[in-house]
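Shown next, in structure tokens, is the structure this report addresses.
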Amino acid sequence: QLNGSIATMDSSGDVSLFCRGLLKNLLSRHGDRFKLVPGEEVTDFEVDEKILFGVTSRNQNGDFVTRQCDKIVLALWVRSAELCNSIGVPCPVYPAKGHLVTVSSRFDYKYNIALRGGVGYAAPMAITNSEGRRLYRLSGFVDFTTGNKANHERVDALVDAARADLPDLEIIDSIACHRPLSADDRALIGPTKSYPTLFLCTGFGSRGLSIGLGGGKLLAIELLGLKHDIDPSPYLPIRFN
């Protein structure tokens, strides 16, 4: 188990900060058991007669490196399907583009707000600006399109809907990103049928930060062959075989 950082309202609003904190705790408590290799891109699996025994990656110098291992966890966001398809493993995870808008307001809600028209929601963040205004993250829409450029019509629609509850809101920034959405909107967690040594942990959609730690626990139980405290079958990748 890892110590977590709990912020006011259980939201820092900073995914990068959250992940770096988890990594710091992991390395401080179990650093002798982990090796972190930054800047490498996995390009292929190493397979011999239907046995998966490693991966090929490209390091920061552009050199290819083969790493052998007895078990592999694939958690590559929207690129998980690309690698799985290269060895015939079903992984129906698709890039679903969503929009995020950060705004500030003097209104201080303690709970998420469903936006007018059902276009999304506004989540209060555990951050106020220099003027004491609460920051909110507006989130909504799903588009199956390429490119990460924000659609201004989508941004305007989220802002207009939020003004019903945050009439004085001021826009701070807006971005668009692709979320790894599975075919049935449930994460894929556990071993694959074709390669029992290959485990998936992907397809969380827009809920990765919310349920990622639970998914990690479920994955660890699968990897270690321990007894489950919940039924894992709804999340096993073999449901798509």
Somewhere in the stretch 145-168, is a residue in contact (Cβ under 8 Å) with a residue 60 or more places away in the chain, within 19 Å of the chain's Cα centre (by Cα), in a loop (DSSP other than H, G, I, E, B) and on the phi < 0 side of the Ramachandran plot? no
Hey, among the residues in the stretch 193-241 that are β-branched (Val, Ile, Thr) and touching a Leu at 6+ places or on another chain (Cβ under 8 Å), which one's modelled with the lowest pLDDT? Ile230
Taking the options Ile171, Ile211, Ile238, name whichever one is open to solvent by 30 Å² or more (accessible area, probe 1.4 Å), under 22 Å from Lys110 (Cα atoms) and in a helix (DSSP H, G or I). Ile211
Please work out which one of (1) of a type in the set (A, V, I, L, M, F, W, C); (2) farther than 17 Å from Thr202 by Cα; (3) assigned to a loop (DSSP other than H, G, I, E, B) is the condition Val89 fails and give its number. (2)
Look at the stretch 174-208 and say how many of its residues are part of a strand (DSSP E or B), out of contact with any Phe, Trp or Tyr (no Cβ under 6 Å at 6 or more places or on another chain) and in contact (Cβ under 8 Å) with a residue 60 or more places away in the chain. 13
Could you count how many residues in the stretch 67-93 are on the phi < 0 side of the Ramachandran plot and either open to solvent by less than 60 Å² (accessible area, probe 1.4 Å) or among the small types (Gly, Ala, Ser) (or both)? 16
The listed residue being in contact with a helix residue (DSSP H, G or I) (Cβ under 6 Å, 6 or more places away or on another chain), among the aliphatic types (A, V, I, L, M) and more than 26 Å from Tyr109 (Cβ to Cβ), out of Leu198, Leu188, Leu223: Leu188
Every listed condition ((1) open to solvent by less than 60 Å² (accessible area, probe 1.4 Å); (2) in contact with a helix residue (DSSP H, G or I) (Cβ under 6 Å, 6 or more places away or on another chain); (3) within 16 Å of Val101 (Cβ to Cβ); (4) not in a strand (DSSP E or B)) holds for His228 save (3)
Counting just the residues of the stretch 95-109 that are within 14 Å of Ala123 (Cβ to Cβ) and of a type in the set (A, V, I, L, M), which one comes out modelled with the lowest pLDDT? Leu100
Cβ-Cβ under 8 Å pairs, at least 6 apart or on other chains, the stretch 123-137 side closer than 14 Å to Ile171 by Cα, far side assigned to a loop (DSSP other than H, G, I, E, B) and aliphatic (A, V, I, L, M): Tyr136/Leu166; Tyr136/Leu169
Under 7 Å between Cβ atoms, at least 6 apart or on separate chains: pull out the pairs that start in the stretch 11-31 with a residue that is farther than 20 Å from Tyr136 by Cα and end on any residue that is of a type in the set (Ser, Thr, Tyr) and modelled with pLDDT under 80. Gly21/Ser5
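What number of residues within the stretch 127-158 are of a type in the set (D, E, K, R) and open to solvent by 80 Å² or more (accessible area, probe 1.4 Å)?
Residues meeting the conditions: 4.
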Over the stretch 94-126, the set of residues among the small types (Gly, Ala, Ser), part of a strand (DSSP E or B) and open to solvent by 60 Å² or more (accessible area, probe 1.4 Å) is Ala114
Go through the residues of the stretch 38-49 one by one and say whether even a single one is over 19 Å from the mean Cα position of the chain (by Cα), of a type in the set (S, T, N, Q) and open to solvent by 40 Å² or more (accessible area, probe 1.4 Å). yes
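The values are calculated or read from the model by the stated rules, or taken from the named source; none is laboratory data. Every value quoted in this text rests on a predicted model; they were computed, and no experiment measured them. Positions of Cβ are backbone-derived with ideal geometry, glycine not excepted, and every protein chain shown enters the neighbour counts. For the accessible areas, the whole protein counts, side chains as well, though only heavy atoms, and no ligand, DNA or RNA atoms are used. Shrake-Rupley method; radii C 1.70, N 1.55, O 1.52, S 1.80 Å.
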